[in-house]
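Novice: Provided herewith is a single structure, encoded as C-alpha cells, for subsequent inquiry.
The values are calculated or read from the model by the stated rules, or taken from the named source; none is laboratory data. As the structure is a prediction and not an experimental result, all values here were calculated from the model. With ideal geometry, Cβ positions are generated from the backbone for all residues, glycine too; neighbour counts draw on all protein chains shown.
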Amino acid sequence: MTMGFMFTFSKEYILNIFLEHKEVLLFGRWITLNHIQKTFSRYEMSSKIEIERIGSSEEDRGIFQFSVGSGKKKILIWSQMHGNESTGTKAVFDLLNYLDKANDYTAERILSECTIKIIPILNPDGAERYTRVNANDVDLNRDAVDSEAKESKLLRSILETFDPDFSFNLHDQRTIFGVEGTNNPATISFLAPSEEETRKVTEGRAQTMNVIIAMNNLLQQLIPNCVGRYTDEFYPTATGDNFQKLGYNTVLIESGHYPDDYEREESRKYTFISLLQGIYHIANTSDFKESEAYFTIPSNQEKFRDLLHIDKNEAFQYEEILEKGQINFVPRKIKEDISSLLFHKKTFS
Ligand SMILES: [Zn+2]
C-alpha cells in the first residue's frame, strides 16, 4: 500500500463480511459477562486468538482480554467502560469472529501487521446492573486522574505495559444526538480528544484524526450524513483526553441511534465496520499526518427526543429499565419546550 493514501473498502465487501461474521450469540442492549462468556469456549479452540483473565472488578467479576495478531503495530480496544453501553462490545465480538475465521487478504494483512488487544467489558459490574458507573458508583470515564476504581487502574496498567500505537475507546451515545446541518440522528460519532484546553492539534492528535478520516470516508458511503464529530472540549479527568495527553493516540467511537433501532443492531454493524476500516487503515499506513478532513465531519448536536404524540403535542424520552433479563423502553413525559426538537417517532395516541 502507498503511503499517505487512504484505502477505503467497498461497501458491498464490508457489508458481506459483517453478515458472514456477526456474533449471533450477542443481541440487544443488555450484554453482560455471562453473555460474552458463552463465546469463550469457541476461542479456547482457536489457534489465532488468546483469552486471558487480566483482572477483576470491584465485585470480583472477571475482566478479560483477547489478543490476536503478531504485527508491529499495537492496537488496544476497550468497550463497556460504561456498563450500559454495549454496542461496541457486540461489534468487537463480530471483529474477533471475523479475525478468527476469515482467511481473506484483509484479515491476514491485519494479523501480520498488527497486534490487537481487546477488553470487551471493562466494567462487568455496571454491565450486570445496566448502569453507567461501576459497583462503587464511580464513572470510569471520569476516573483517569484519580484512578480510584480497580477497573481504571487495570486499564491504565494495560495501557502502560502494552504501549499501543492506537487505542479505540468504545461508548454509546444517547438518542438525543443528531448531526449538525441535517435532520439525521448521529448513528456514529467520533472524537480525537484534545490534550489541553486550547484543543491544539498536536502530532499525536493529528494521527488520531487521520484514522477517523479513514473510518468516516467509508461510513459516508453507507450512512451518508449520519456521522457526527463529538465535542473536543477538554475534559481533564476523561480517559481519552488523558491517554491522548500521555501520548497514546485514542480514538473515541460513540455508537448512536439509527431509525427504529433501539436494540442498536444497526449501529453495531456500523461500529464493526468503523473498527475494521480503522484497523485496516492502521495496518496499511505509515504516515498518519493528514488530519484536516477531520474538521469537515459535522458536529454532534443535541436535537432529538424519542417520541411525540402529535394530537396531544406531548413529548417523551425513553428510560431504559432492566427487567427480567431485558431492557424495557419506558416513555417518560418531557417537561421542556419542544418547539425546536426533532423526534425519532411520531404517533397518534
Ligand atoms: Zn460512555
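Novice: Restricting to region 232-265, and then to whatever is within 14 Å of the ligand (Cβ to nearest atom) and not in a strand (DSSP E or B), can you tell me which residue is surrounded by the fewest Cβ atoms within 10 Å (Cβ to Cβ)?
Specialist: So, considering only residues that are within 14 Å of the ligand (Cβ to nearest atom) and not in a strand (DSSP E or B), the one surrounded by the fewest Cβ atoms within 10 Å (Cβ to Cβ) is Thr237.
Novice: Would region 277-286 turn up any residue that is part of a strand (DSSP E or B) and either closer than 23 Å to Asn141 by Cβ or free of Cβ contacts under 8 Å to residues at least 60 places away in the same chain (or both)? Before you say what the answer is, go through the steps one by one.
Specialist: Start the filter on region 277-286 by keeping residues that are part of a strand (DSSP E or B), which leaves none.
Checked region 277-286: no residue is part of a strand (DSSP E or B) and either closer than 23 Å to Asn141 by Cβ or free of Cβ contacts under 8 Å to residues at least 60 places away in the same chain (or both).
Novice: Also, quick follow-up: Would you be able to say whether some residue in region 71-92 is at pLDDT 95 or above, acidic (Asp, Glu) and crowded, with 19+ Cβ neighbours inside 10 Å? Show your work before the answer.
Specialist: Residues of region 71-92 at pLDDT 95 or above: 71-92.
Filter again for acidic (Asp, Glu), leaving 85.
Of the ones still in play, those that are also crowded, with 19+ Cβ neighbours inside 10 Å are 85.
Taking every residue of region 71-92 in turn, at least one turns out to be at pLDDT 95 or above, acidic (Asp, Glu) and crowded, with 19+ Cβ neighbours inside 10 Å.
Novice: Can I ask one more? Residue under question is Phe18, and the condition is that it be in contact with a Phe, Trp or Tyr (Cβ under 8 Å, 6 or more places away or on another chain) and in a loop (DSSP other than H, G, I, E, B); does it hold?
Specialist: Values: in contact with a Phe, Trp or Tyr (Cβ under 8 Å, 6 or more places away or on another chain): yes; in a loop (DSSP other than H, G, I, E, B): no.
Criteria not met by Phe18.
Novice: Yes or no: region 334-342 includes at least one residue that is touching a helix residue (DSSP H, G or I) at 6+ places or on another chain (Cβ under 6 Å) and not in a strand (DSSP E or B). Steps first, please.
Specialist: Narrowing region 334-342 to residues touching a helix residue (DSSP H, G or I) at 6+ places or on another chain (Cβ under 6 Å): none.
There is no residue in region 334-342 that is touching a helix residue (DSSP H, G or I) at 6+ places or on another chain (Cβ under 6 Å) and not in a strand (DSSP E or B).
Novice: Give me the pairs: first residue in region 97-126 and under 13 Å from Leu275 (Cβ atoms), second residue small (Gly, Ala, Ser) and in a loop (DSSP other than H, G, I, E, B), beta-carbon distance under 7 Å, and six or more apart or on different chains, which are they?
Specialist: Matching pairs, first to second residue: Ile110/Gly69; Cys114/Gly69; Cys114/Gly71; Ile116/Gly69; Pro120/Ser79.
Novice: (1) out of contact with any His (no Cβ under 7 Å at 6 or more places or on another chain); (2) free of Cβ contacts under 8 Å to residues at least 60 places away in the same chain: which one isn't true of Thr271, the others all being true?
Specialist: Tallying (1) out of contact with any His (no Cβ under 7 Å at 6 or more places or on another chain); (2) free of Cβ contacts under 8 Å to residues at least 60 places away in the same chain, Thr271 fails exactly one: (2).
Novice: Oh, and also: Mind listing just one residue for me: the one in region 185-224 that is touching a strand residue (DSSP E or B) at 6+ places or on another chain (Cβ under 6 Å) and among the polar types (S, T, N, Q) and, of those, surrounded by the most Cβ atoms within 10 Å (Cβ to Cβ)?
Specialist: Ranking the qualifying residues of region 185-224, first place goes to Thr208.
Novice: Working only within region 232-281, note down all residues that are more than 17 Å from the chain's Cα centre (by Cα) and of a type in the set (A, V, I, L, M, F, W, C).
Specialist: Matches in region 232-281: Phe234, Leu246.
Novice: Take Phe329 and decide whether it is over 16 Å from Ile213 (Cβ atoms) and part of a helix (DSSP H, G or I). Spell out the reasoning first.
Specialist: Details: over 16 Å from Ile213 (Cβ atoms): yes; part of a helix (DSSP H, G or I): no.
In short, no.
Novice: Return the pair list, or none, for Cβ contacts closer than 9 Å from residues in region 173-202 that are farther than 30 Å from Ile338 by Cβ to residues that are in a strand (DSSP E or B) and away from the ligand (no atom under 16 Å from the Cβ), at least 6 apart or on different chains.
Specialist: Matching pairs, first to second residue: Ala192/Arg229; Ala192/Asn249.
Novice: OK, next. Being hydroxyl-bearing (Ser, Thr, Tyr) and more than 28 Å from Asn328 (Cα to Cα) is the filter; apply it to region 23-77 and report the residue that is nearest to the chain's Cα centre (by Cα). I'd like the intermediate steps shown before the answer.
Specialist: First, pick out the residues of region 23-77 that are hydroxyl-bearing (Ser, Thr, Tyr): 32, 39, 41, 43, 46-47, 56-57, 67, 70.
Checking the rest, the ones that are also more than 28 Å from Asn328 (Cα to Cα) come to 41, 43, 46-47, 56, 67, 70.
Details: Ser41: 25, Tyr43: 22, Ser46: 25, Ser47: 27, Ser56: 22, Ser67: 18, Ser70: 23 Å.
Per the stated criteria, the residue is Ser67.
Novice: Here is a further query. Taking region 134-164 only, how many residues are modelled with pLDDT of 95 or more, surrounded by fewer than 19 Cβ atoms within 10 Å (Cβ to Cβ) and more than 16 Å from the ligand (Cβ to nearest atom)?
Specialist: Going through region 134-164 one residue at a time, the tally reaches 8.
Novice: What single numbered condition from (1) out of contact with any Gly (no Cβ under 6 Å at 6 or more places or on another chain); (2) among the polar types (S, T, N, Q); (3) touching a residue at least 12 places away in the same chain (Cβ under 8 Å) fails to hold for Thr296?
Specialist: All conditions are met except number (3).
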